[in-house]
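As structure tokens, the structure follows; a few thoughts come after it.
The values are calculated or read from the model by the stated rules, or taken from the named source; none is laboratory data. Just so you know, these numbers come straight off a predicted model, no measurement behind them. Cβ sites come from the backbone with ideal geometry, for glycine too, and all protein chains shown count toward neighbours. The accessibility values were calculated without ligands, DNA or RNA, using every heavy atom of the protein model including side chains. Shrake-Rupley method; radii C 1.70, N 1.55, O 1.52, S 1.80 Å.
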Amino acid sequence: SASSSFGARQPELAIDGVTDSGLWDAGQGWNDGTPDAYPDTLTVDFTAPAPIGRVRVHTLDSPQYPAASFGIADADVQVGTGGEWRTVAEIRGNDRGVVELAFPAVDADAVRLVIHAARVSYSRVVELEALPPG
């Protein structure tokens, strides 16, 4: 789920296994629907608790749309357990297309990306991956 979405760029497109930013113009990825209004959230609920120790965020990053101009700059990674949210990692001043963050493993029933700042008005996520400790 997401706090908002722009047109057909629904949150499901950020958890479908496709990490290629080159497919952005073909409709791949999630885009929030509230320009210059933060925070934006992208939430993934699991069917059962799972051990999570890493999160990989793929923001928009292609030759046409470089992350330094179109990507997510600042965000918090939160894990949900039993309805409670806890921040486990932060992204600050990002200009890369892929950010992988590791943290002490937790059995989570959800992962949420809370975006505090993005470039060119919108939060754009090509893929959000929640991964086991590694």
So what is the relative contact order of the chain, in percent, for Cα pairs below 8 Å that sit 6 or more residues apart? 35 percent
Carbon plus sulfur, as percent of the 1.4 Å-probe accessible area of the chain, comes to 51 percent
By how many nm would the segment from Phe103 to Ser69 lengthen if fully extended, with 0.36 nm per residue of separation less the alpha-carbon distance? 9.5 nm
Averaged per residue, what accessible surface does the chain expose to a 1.4 Å probe, in Å²? 46 Å²
Can you give the FRET efficiency to the nearest 0.05 for Val120 and Thr87, using r as the Cβ-Cβ distance and R₀ = 30 Å? 0.70
Assuming 0.890 mPa s and 25 °C, estimate D for the chain with Stokes-Einstein, Rh taken as the Kirkwood radius over Cα pairs, in µm²/s. 169 µm²/s
